[in-house]
Amino acid sequence: MSEYGEGTVSLRQKQTAVTWVILAAAVLVGAIARFYDLGALPPGLYHDEAYNGLDALRVLEGARPIFFEANNGREPLFLYGMALAMSVLGRTPYAVRLTAAVLGTLTIPATFLMGRALFGTRVGLWSAWWMAVAPWPINLSRIGLRAVSMPLVVAVALWLWWSGRKRQGWRRVLWVAASGFFFGLGLYTYTAARFVLPAMGLYVLFQAVLWLAEGRRWRDVGREWLSDAVPLVLVAALAMAPMAVYALAHWETFVERAPQVSVFNPEISQGKPWRLLADHLVRAVGLFTVRGDRIYRHNVSLRPLYDPLSSLFFLVGVGLCLAKVRQGEAQALALTWTGVMLLPTILAEDSPHFLRAVGVLPVATLFPALGLEQARAWVARRGRTGWSRVLAAGVL
């Protein structure tokens, strides 16, 4: 019995060590892709990067706005990070982009933690690798624009929330409360983060309906969610309060950009908003496997998020989630989150737009990871453990 126990512990330690080595390799590869020649590639500063740099200089001169009103209004978290980088490195393109590279690199391990909490260690690892090497998140990490801050905050918030729900007592309360802080912090990252709370609310509603359909009582369902909702909502509300106060006092400024790019703007829809909306819906769904953003600032023009091989595993992962959506809470969350977070690009011009759709990252990396893990497990069950590892390594 003692030898068996020691062997089990040794095996677990070995597996844990291998996990961290694979994750470290993903972070290293992702960091190289994000930091290499950062000040020169892409060449020159895009005008939005320059606007951000000017506002960062204002911060260094003593300004402390909660919302930056120039250039159609911008959330502050990224700009304060840029100001910190410029205070150390000076007024250089590298300093303008450094915060993006740092946040983009940190999103890789955060994606692992989120994926592990939702679907297990291997799915977390595969998700982290896709986050490390996919062109879309790499591009986001090499330009000084605030959208890159949202995936990191989203990944940490979902990790804390889902991990907290697996705990008991005061630990559960602390973890869920911490997730509430990051959900609230999202409001300071990028405009698309305003859809985070609707996404969470829709998921909770969907899950409650499923539980009621299974025969659970209203009282039990309510108790299940309220025990988590109170600390999450309370802390999220406190975190959002400064921005909410600003928004109420300066509503036109806070929402200035949305009407300019909305499909319901006659100048954009040419009097046919519903037709444009339907077209954008199709394009947004296709951004994963068919056709991506055309703007070179955001993407290798027209390249979808996933290459053909990765797209195959993505579609398998989506199919698995759809098949298990009634029994799997994590599957329901992944599908609900992705659907709601596509709305910012569906409702605005130039769909699919990889800045406005940034809310689907990092959850979108879970789908090919689920497909790959299903294929790897299928091969392993047939006694081909070595080939299953080759499959995973080869795909990634």
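Tabulated results
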{"quantity": "Residues satisfying the stated conditions in the range 266-284, i.e. open to solvent by 30 Å² or more (accessible area, probe 1.4 Å) and touching a residue at least 12 places away in the same chain (Cβ under 8 Å)", "calculated": "Ile268, Leu276, Leu277, Asp279, Leu281, Arg283"}
{"quantity": "Qualifying residue in the range 166-184 (condition: within 14 Å of the chain's Cα centre (by Cα) and among the hydrophobic types (A, V, I, L, M, F, W, C))", "calculated": "yes"}
{"quantity": "Flag if Ser10 is open to solvent by 40 Å² or more (accessible area, probe 1.4 Å) and either touching a strand residue (DSSP E or B) at 6+ places or on another chain (Cβ under 9 Å) or touching a residue at least 12 places away in the same chain (Cβ under 8 Å) (or both)", "calculated": "no"}
{"quantity": "Residue match in the range 289-296 (condition: surrounded by fewer than 24 Cβ atoms within 10 Å (Cβ to Cβ), modelled with pLDDT of 95 or more and aliphatic (A, V, I, L, M))", "calculated": "yes"}
{"quantity": "Residue in the range 334-392 that is most open to solvent (accessible area, probe 1.4 Å), counting only those that are of a type in the set (D, E, K, R) and closer than 18 Å to Trp130 by Cα", "calculated": "Arg389"}
{"quantity": "Inter-residue pairs, beta-carbon under 6 Å, first within 22 Å of Arg257 (Cα to Cα) and in the range 43-67, second modelled with pLDDT of 95 or more and β-branched (Val, Ile, Thr), 6+ apart", "calculated": "Glu49/Val96; Gly53/Val96"}
{"quantity": "Residue check, Trp126 modelled with pLDDT of 95 or more, buried (at least 23 other Cβ atoms within 10 Å of the Cβ) and under 25 Å from His47 (Cα atoms)", "calculated": "no"}
{"quantity": "Of the criteria (1) among the charged types (D, E, K, R); (2) within 26 Å of the chain's Cα centre (by Cα); (3) not in a helix (DSSP H, G or I), which one Asp48 fails", "calculated": "(3)"}
{"quantity": "One residue from Val263, Val255, Val233, Val245 being in contact with a His (Cβ under 8 Å, 6 or more places away or on another chain) and at pLDDT 90 or above", "calculated": "Val263"}
{"quantity": "Check on Gly144, open to solvent by less than 40 Å² (accessible area, probe 1.4 Å) and either at pLDDT below 95 or farther than 27 Å from Leu370 by Cα (or both)", "calculated": "yes"}
{"quantity": "Residue match in the range 291-302 (condition: among the hydroxyl-bearing types (Ser, Thr, Tyr) and within 30 Å of Ala369 (Cα to Cα))", "calculated": "yes"}
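The values are calculated or read from the model by the stated rules, or taken from the named source; none is laboratory data. Every value quoted in this text rests on a predicted model; they were computed, and no experiment measured them. Quick reminder, even Gly has a Cβ in these numbers, built from the backbone with ideal geometry, and neighbours come from all protein chains shown. We work out accessible area using only protein heavy atoms, side chains counted, and drop any ligands, DNA or RNA first. Shrake-Rupley method; radii C 1.70, N 1.55, O 1.52, S 1.80 Å.
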